[in-house]
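Undergrad: First the structure, then my questions, so here it is.
The values are calculated or read from the model by the stated rules, or taken from the named source; none is laboratory data. Since we're looking at a predicted model, the values are computed, not measured. Cβ sites come from the backbone with ideal geometry, for glycine too, and all protein chains shown count toward neighbours. Accessible surface is based on the protein model in full, side chains and every heavy atom, while ligands, DNA and RNA are left aside. Shrake-Rupley method; radii C 1.70, N 1.55, O 1.52, S 1.80 Å.
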Amino acid sequence: MAKITYIAFDGTVYDIEAREGTTVMENAVRNSVPGIEAECGGACACATCHVYVDPDWVEATGEPQPMEEDMLDFAQDVQPNSRLSCQIRVTAALDGLIVRVPESQG
Amino acid sequence: MQAPSEGLNHAGLFMFTEVQRSIMSEIIETDVVIIGAGPVGLFAVFELGLLDIRCHLIDILDKPGGQCAELYPEKPIYDIPGFPIITGQGLTDNLLAQAKPFAPTFHLGEMVAGIERLEDNRFRVITDNDKAFIAKAIVIAAGGGSFQPKRPPVPGIDVYEGKSVHYSVRKMEAFRDHDILIVGGGDSALDWTLNLQPLAKSVTLMHRRDAFRAAPDSVNKMRALAEAGQLKLVFGQVTGLEGDDGHMTHAVIVDNDNQEHRLPATRMLPFFGLTMKLGPIAEWGLNLHENLIKVDTEKFETSEPGIFSIGDINWYPGKLKLILSGFHEAALMAQAASRVVNPDKKVLFQYTTSSTSLQKKLGVA
């Protein structure tokens with residue numbers, strides 16, 4: 001298990017124990033973290049699970065793949081630390097990961 | 001929904017004014033109107049067709065297939081019975097081929113604006129394009145709702161929408177001699193950049209990065225125009241709009257070096273893809289469960305007799321939002337709809353494998 005901290009737009013903190021192999025999006029949806037919509041269900045096809053990775057964790061989560069970069073074009077207020085949470089897979093190395101949820105997914 | 005004789009004031013009921021009725025240019029009479037041309041709507045054409053019921057389908061997208069065609073045309077689906085793997089577009093194409101013998105009519109790029117029951121118990125359906133239908137039954141197969149353009153997170157943008165900010169181009173002339181700001185990196189953004197550039201006062205294309213998803217040929221043409229100084233290419237994001245009474249004069253943009261600029265712009269076209277919104281379905285007076293339409297599991301009928309609902313948009317205890325569940329719902333709905341459409345006709349249960357009569361309908365016997 002790895003602890004993931006989601007910080008909602010209003011500042012509410014959600015600490016979630018996530019199983020390795022699941023995605024950061026799945027854990028948010030399962031625990032009703034507000035602001036993660038995941039319209040397409042995790043197919044990297046909609047950009048409604050957009051999150052900002054805490055600067056300290058950008059290196060550990062890695063760079064988006066080209067398909068994810070393309071989908072990020074549809075996200076709003078994209079920053080250098082923007083990721084689609086359906087494309088971040090939970091590993092032991094991500095224990096303690098912090099992500100912030102944007103105000104709106106569109 | 002209530003019959004007109006029961007009054008006009010029923011909460012949530014959409015009723016047409018006489019003016020609206022009079023401007024409806026054509027009225028299409030049919031057995032069934034299906035709202036939504038996604039996989040489940042398409043399979044409903046097949047199941048209804050086997051029972052000799054003809055359908056018209058209305059969808060806000062410009063193509064059939066719903067989410068399968070819009071969100072994941074190239075991506076694999078693994079849980080369609082009989083297909084270990086099939087893409088969203090592959091499934092759509094197969095469903096269209098399967099429905100073809102029943103000659104469905106598609107009304108694409110249109111959204112249903114309202115439904116009312118007529119005195120003879122049929123329904124009148126009107127679209128946002130002022131098209132009107134009279135149908136014996138309605139099938140709502142609207143999935144996650146209607147796809148609508150994504151609105152960029154620019155404060156106060158709503159004031160400019162429809163006047164200076166547009167999400168599609170209906171008439172190019174409305175853009176002539178304007179300073180146009182186009183935002184996005186896909187085919188829509190690039191196509192309109194190239195099409196509007198000759199008639200605009202100026203065109204700025206803004207995208208968040210120096211990489212474009214659009215067809216390489218369009219990208220090359222755009223870059224050539226930029227190099228020739230005939231359009232401005234900017235990498236960054238829009239953070240604010242300036243203007244008066246909905247009429248834009250400038251866009252405030254922040255480029256990728258974090259520099260803020262004021263760019264003269266009197267028209268803006270943001271292309272950030274589509275998102276699903278429930279749309280007017282909540283206003284049709286049907287019983288809902290958390291914004292989904294409640295149905296029974298025998299007929300998949302809503303709280304209004306003659307209006308059925310199948311696929312992701314409906315709810316019943318145990319509902320699973322799977323395409324295969326929608327197919328099952330379509331088959332049972334068709335049996336019930338047949339009793340509404342052709343009340344005097346006995347429905348004979350038959351298999352396509354053995355029934356010559358069904359095979360004739362399919363054009364294979």
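Undergrad: Hey, among the residues in the range B:104-132 that are under 13 Å from the mean Cα position of the chain (by Cα) and of a type in the set (Val, Ile, Thr), which one's farthest from B:PHE147 (Cα to Cα)?
TA: Top of the filtered list is B:THR127.
Undergrad: Still on this structure: Of (1) in a loop (DSSP other than H, G, I, E, B); (2) at pLDDT 95 or above; (3) surrounded by fewer than 21 Cβ atoms within 10 Å (Cβ to Cβ), B:ILE134 satisfies all except one. Which?
TA: Failed condition: (1).
Undergrad: Then there is this: Against the definition (modelled with pLDDT of 95 or more, assigned by TED's automatic domain parsing to the domain that holds B:VAL254 and not in a helix (DSSP H, G or I)), how does B:PRO155 come out, yes or no?
TA: Values: modelled with pLDDT of 95 or more: no; assigned by TED's automatic domain parsing to the domain that holds B:VAL254: yes; not in a helix (DSSP H, G or I): yes.
The answer is no for B:PRO155.
Conditions tested, residue by residue: (1) open to solvent by 20 Å² or more (accessible area, probe 1.4 Å); (2) more than 13 Å from chain A (Cβ to nearest Cβ); (3) more than 28 Å from B:THR356 (Cα to Cα).
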{"site": "B:GLU47", "(1), (2), (3)": "yes, yes, no"}
{"site": "B:ILE60", "(1), (2), (3)": "yes, yes, yes"}
{"site": "B:LYS63", "(1), (2), (3)": "yes, yes, yes"}
{"site": "B:GLY66", "(1), (2), (3)": "no, no, yes"}
{"site": "B:GLU70", "(1), (2), (3)": "yes, no, yes"}
{"site": "B:PRO73", "(1), (2), (3)": "yes, no, yes"}
{"site": "B:PRO84", "(1), (2), (3)": "yes, yes, yes"}
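Undergrad: What residue, of B:THR105, B:THR127, is under 21 Å from B:LEU42 (Cα atoms), modelled with pLDDT under 95 and of a type in the set (S, T, N, Q)?
TA: B:THR127
Undergrad: Could you list all residues from the range B:203-221 that are part of a helix (DSSP H, G or I) and either more than 14 Å from chain A (Cβ to nearest Cβ) or open to solvent by 30 Å² or more (accessible area, probe 1.4 Å) (or both)? Reasoning before the result, please.
TA: The first filter runs over the range B:203-221 and keeps only residues part of a helix (DSSP H, G or I), leaving B:216-221.
Scanning the range B:203-221 gives B:PRO216, B:ASP217, B:SER218, B:ASN220, B:LYS221.
Undergrad: Could you tell me how many of the residues in the range B:266-288 are at pLDDT below 90, more than 14 Å from chain A (Cβ to nearest Cβ) and open to solvent by 40 Å² or more (accessible area, probe 1.4 Å)?
TA: Looking only at that region, the number is 2.
Undergrad: What about B:THR105, is it open to solvent by less than 40 Å² (accessible area, probe 1.4 Å) and in the same structural domain as B:GLY311 (by TED's automatic domain parsing)?
TA: Working: open to solvent by less than 40 Å² (accessible area, probe 1.4 Å): no; in the same structural domain as B:GLY311 (by TED's automatic domain parsing): yes.
So B:THR105 does not fit the description; no.
Undergrad: Continuing with the same structure: Could you check, for the range B:289-306, whether at least one of its residues is touching a residue at least 24 places away in the same chain (Cβ under 8 Å), loosely packed, with under 14 Cβ neighbours inside 10 Å and within 14 Å of another protein chain (Cβ to nearest Cβ)?
TA: Yes, that holds for at least one residue.
Undergrad: Could you tell me which numbered condition B:ALA224 fails, if it satisfies all but one of (1) under 32 Å from the mean Cα position of the chain (by Cα); (2) exposed (fewer than 15 other Cβ atoms within 10 Å of the Cβ); (3) modelled with pLDDT of 95 or more?
TA: It is condition (1) that B:ALA224 fails.
Undergrad: Another question, then. Determine whether B:ALA189 is in contact (Cβ under 8 Å) with a residue 12 or more places away in the chain, more than 15 Å from B:VAL252 (Cα to Cα), within 14 Å of chain A (Cβ to nearest Cβ) and open to solvent by 20 Å² or more (accessible area, probe 1.4 Å).
TA: Judged against the criteria, B:ALA189 is not a match.
Undergrad: Quick one: in the range B:174-186, which of the residues that are more than 14 Å from chain A (Cβ to nearest Cβ) and at negative phi is surrounded by the fewest Cβ atoms within 10 Å (Cβ to Cβ)?
TA: Looking at residues that are more than 14 Å from chain A (Cβ to nearest Cβ) and at negative phi, I get B:ALA174.
Undergrad: Exactly one condition in (1) at pLDDT below 95; (2) within 14 Å of chain A (Cβ to nearest Cβ) is not met by B:GLU110; state its number.
TA: Checking B:GLU110 against (1) at pLDDT below 95; (2) within 14 Å of chain A (Cβ to nearest Cβ), the one that fails is (2).
Undergrad: Output the strands (runs of 3 or more DSSP E) that fall wholly within chain A and possess 2 or more residues being loosely packed, with under 14 Cβ neighbours inside 10 Å, or say none.
TA: A:13-18
Undergrad: Among the residues of the range A:61-106, write down those that are touching an Asp or Glu at 6+ places or on another chain (Cβ under 7 Å) and aliphatic (A, V, I, L, M).
TA: Of everything in the range A:61-106, those that are touching an Asp or Glu at 6+ places or on another chain (Cβ under 7 Å) and aliphatic (A, V, I, L, M) turn out to be A:LEU84, A:VAL90, A:ALA92, A:ILE98, A:VAL99.
Undergrad: Taking the conditions exactly as written (in a loop (DSSP other than H, G, I, E, B) and out of contact with any Pro (no Cβ under 6 Å at 6 or more places or on another chain)), does B:LYS360 satisfy them or not?
TA: Values: in a loop (DSSP other than H, G, I, E, B): no; out of contact with any Pro (no Cβ under 6 Å at 6 or more places or on another chain): yes.
It is false that B:LYS360 is in a loop (DSSP other than H, G, I, E, B) and out of contact with any Pro (no Cβ under 6 Å at 6 or more places or on another chain).
Undergrad: Right, another one. How many residues does the range B:227-256 contain that are within 12 Å of chain A (Cβ to nearest Cβ) and either open to solvent by less than 30 Å² (accessible area, probe 1.4 Å) or under 25 Å from A:PRO66 (Cα atoms) (or both)?
TA: Residues flagged as within 12 Å of chain A (Cβ to nearest Cβ) and either open to solvent by less than 30 Å² (accessible area, probe 1.4 Å) or under 25 Å from A:PRO66 (Cα atoms) (or both) within the range B:227-256 amount to 6.
Undergrad: Please enumerate the residues belonging to the range B:96-110 that are part of a helix (DSSP H, G or I) and touching a helix residue (DSSP H, G or I) at 6+ places or on another chain (Cβ under 7 Å).
TA: B:LEU96, B:GLN98, B:ALA99, B:PRO101, B:PHE102
Here's the yes/no breakdown for (1) of a type in the set (Gly, Ala, Ser); (2) within 14 Å of chain A (Cβ to nearest Cβ):
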position: B:GLY145; (1), (2): yes, yes
position: B:GLY156; (1), (2): yes, no
position: B:TYR160; (1), (2): no, no
position: B:VAL165; (1), (2): no, no
position: B:SER168; (1), (2): yes, no
position: B:LEU196; (1), (2): no, no
position: B:LYS201; (1), (2): no, no
